[in-house]
Amino acid sequence: MKTTQKILTVLVTMVIAIFFITGNSYSQAKKPWDIPAAAKSVKSPVNLKDASVIGNGKDLWAKTCKSCHGSKGLGDGPKAASLKTNPGDFTAAAFQGQSDGDLFYETSKGRDEMPAYEKKIPEANDRWALVAYMRTLKK
């Protein structure tokens, strides 16, 4: 009888753990950004396909984004596990399907645990360089 009780206790514990893990993952689901219509259509003043712009973006990524978003934009940086929200997969079609203006706005304004980089990276062209680099993060 004790073996049956132990097995039942283990099973109940596993079910409870799965419930909390699943519930926690659900609560971490990305909510849609509320991006003003005018921001969605903003065009970059720099050539987002220029190698030097992309290189600048890559350097800035390594300094400011990689710790959460990972080196390849998969959301697996060293700080990602400690965040309350999932940093997302920047290689995903849903992310890459956003407009350049969307990405510039999100990078500039931030939300929740994502800092507003318009203060940390005050030059708009540098934030556009990040957008250029993000465009290279594809599967």
Could you tell me which of the pairs K43/K79; K66/K119; K58/K79 are separated by over 22 angstrom between their Cα atoms in the structure shown? K43/K79
Sequence-distant aspartates and glutamates (8 or more away, or on other chains) whose Cα lies within less than 15 Å of K109: D34, D100, E118, E123, D126
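Read-outs: derived from the displayed coordinates by stated rules, not from any lab. Because the structure is a prediction, the values reported are computed rather than measured.
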